[in-house]
1. Of the residues 275, 296, 269, which single one is in contact with a strand residue (DSSP E or B) (Cβ under 6 Å, 6 or more places away or on another chain), closer than 12 Å to residue 372 by Cβ and assigned by TED's automatic domain parsing to the domain that holds residue 426?
2. Could we say that residue 215 is surrounded by fewer than 17 Cβ atoms within 10 Å (Cβ to Cβ), free of Cβ contacts under 8 Å to residues at least 60 places away in the same chain and closer than 29 Å to residue 80 by Cβ here?
3. Taking residue 291 as the residue in question, decide whether it is touching a helix residue (DSSP H, G or I) at 6+ places or on another chain (Cβ under 9 Å), buried (at least 20 other Cβ atoms within 10 Å of the Cβ) and part of a helix (DSSP H, G or I).
4. Over 30 Å from residue 451 (Cβ atoms), β-branched (Val, Ile, Thr) and over 23 Å from the mean Cα position of the chain (by Cα): which single residue out of 373, 394 fits that description?
5. Do we find a residue being assigned by TED's automatic domain parsing to the domain that holds residue 269, crowded, with 17+ Cβ neighbours inside 10 Å, touching a Phe, Trp or Tyr at 6+ places or on another chain (Cβ under 7 Å) and not hydrophobic (A, V, I, L, M, F, W, C) anywhere in the range 371-384?
6. Take the range 38-66 and flag every residue that is touching a helix residue (DSSP H, G or I) at 6+ places or on another chain (Cβ under 6 Å), over 15 Å from residue 218 (Cβ atoms) and not aromatic (Phe, Trp, Tyr).
7. Do we have residue 129 as of a type outside the set (Ser, Thr, Tyr) and either buried (at least 23 other Cβ atoms within 10 Å of the Cβ) or not assigned by TED's automatic domain parsing to the domain that holds residue 471 (or both) here?
8. In the range 411-425, what residues are without any contact (Cβ under 8 Å) to a residue 12 or more places away in the chain and among the hydrophobic types (A, V, I, L, M, F, W, C)?
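The values are calculated or read from the model by the stated rules, or taken from the named source; none is laboratory data. It should be emphasised that the depicted structure is a prediction, and the values quoted were computed from it without experimental measurement. Positions of Cβ are generated from backbone atoms using ideal geometry, with glycine treated the same way; all protein chains shown enter the neighbour counts.
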Amino acid sequence: MTTELRRLRNYIDGEFRDAADGRTTEVVNPVTGEPYATAPLSAAADVDAAMAAAEAAFPAWRDLTPAERQKVLLKVADAFEERAEELIAAESENTGKPIGLTRTEEIPPMVDQIRFFAGAARMLEGRSAGEYMEGLTSIVRREPIGVCAQVAPWNYPMMMAVWKFAPALAAGNTVVLKPSDTTPASTVLMAEIIGGVLADLGHSKGVFNVVCGDRDTGRLMVEHPVPAMASITGSVRAGMQVAESAAKDLKRVHLELGGKAPVVVFEDVDIAKAVEDISLAGFFNAGQDCTAATRVLVHESIHDEFVTALAKTAADTKTGAPDDEDVLYGPLNSANQLAQVSGFIDRLPAHAKVEAGGRRVGDKGYFYAPTVVSGLKQDDEIIQNEVFGPVITVQSFTSEEQAITYANGIEYALASSVWTKNHARAMRLSKALDFGCVWINTHIPLVAEMPHGGFKKSGYGKDLSSYGFEDYTRVKHVMTSLDG
C-alpha cells in the first residue's frame, strides 16, 4: 500500500503552478526519512515567469506610499498569527522541529519582525536638504532597488523567509523567493497567506512570488537579467558562487553565510549557569544555526570542571520527535547533513576526546546525539570548519591574548560571545573580537531593532534593523536650481 504524496506548487503572479516541464523533487520528512510531498523542480521557464510577474508589479508597488505598504505588512503579520498552527505544522513536517518550541520561539519573533519592517517603511532617514553650492539645493532620495531574487536556507525556512521578504517589500521592492529544496512546504503556505492579503487589499498579484527548486534554480534566478539584487542565506561556497554570478551584470548582493562562533569563557564565571546557557545556544535547532555556540574557549583554570559539567548537560539533553515536549531539538535536515556531521566526528584526530554523544540516535530519521569534544588544537578541521550540527568543541586558553588569537583565528566572522564578570575585560574583548555580533554573558538572542550580519567569509549586508532595511534601498542625489 502506498501513500499519495502531497503536491506543493510554485506561486507565480497570484497563481499556484506546477513546473512548466512537470518535473518534481521529493520532499522528505527528516523524522522518518520518508518522502511526504513533491515540489516543483523549477527551470528557466518558471524563473522567467516569476521574474516577469515581479517586474510588471514593481512600478505600482514602488509608487505606493510607505503607509500603504505598511498596511499590507501589518495584515500579513496578523494573518501569520491567525494561521500560526498551520505554519507550525508545515514547518515541523519540513524540518522535524519540536512543535512547542516552534510555537514559542519562532512565530512570535517572525510576526514582530514583519511589524518592525512595516514601521521602518515610514521611517527612512537621510541627510537633510541643504545648499552645498550657492544657488543650488541638494536632497537625497532613498528608493527601492527593483525586483529582488532571494534564496532562503533550510535551517529556519519560515524565519529566514521573513528576514528576506519583509524588508524588501517594505522598501517598495517586489520579490521572487526560492526556499531550500529540502524545506519548501512552509514557504509555499506563506505565499498563500501573503497572496491572499495582497488580493484582499487590491494590490498586484506579482508583488510576491515563490519558485521551488534546487541549486540550479537558484543559479537561474541570480543570473536572470531582471533582478537588481540577489540575496542569499547559505554556505560560504554558495555565497561565493552567487557573488561571482551577480558580478557579471553588477547586481547588488546580500550574503549571510556560515559561522563558527567562539564562546570565550573566563575563570570568574558561574560555571553551572554558563554551561546551562551555552549548551542551550549550542544544541538548539540541532546546532543548525550560523550563530550557534559551537566553539567554546575556556580558561585553563576551569577547563576540566567546565568540560565535565558540559558533558553531563549534553548527556541529559534530549532529541526526538516534534510532538515530544521534553526534547530540545529534532533531527538534522537530511541524510546528507547527517553524513556531514558524522564525518566530522569520524575524522577526529587522535588527540581529541569525545566527552558525550558522537553518534546517531535511532534507526530512522536523521537524529544525532548532543556531542561534546575536547582536547582539540586550533588547526583541527572541526575547529576551522562549520559542522552545523549538535556538536560543541572545547579548547583551553591561558591568557586573554591567546583567547583573542584563537577566537579570531578562523575564516568566519558572524557571531561570538564573552563570559566574564569583569566589565573592562568584556569591553576589551568586544572591541578585539572580529565578528559582526558580540554577546556578553549570553549567546544567540536577536531582536528586530539590531543588525545581524558578519565579516570575512560570513558575508556582507545586514539582516534585521534599519540597516537591513536600508540594504534594500538605493540612494539618489537630486539637485535643483533656486533661480527658477
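1. One residue alone meets the criteria, 296.
2. yes
3. Against the criterion (touching a helix residue (DSSP H, G or I) at 6+ places or on another chain (Cβ under 9 Å), buried (at least 20 other Cβ atoms within 10 Å of the Cβ) and part of a helix (DSSP H, G or I)), residue 291 does not qualify.
4. Just a single option satisfies the conditions, and that option is 373.
5. No - not one qualifying residue is present in the range 371-384.
6. Scanning the range 38-66 gives 53, 54, 56, 57.
7. Against the criterion (of a type outside the set (Ser, Thr, Tyr) and either buried (at least 23 other Cβ atoms within 10 Å of the Cβ) or not assigned by TED's automatic domain parsing to the domain that holds residue 471 (or both)), residue 129 does not qualify.
8. 424
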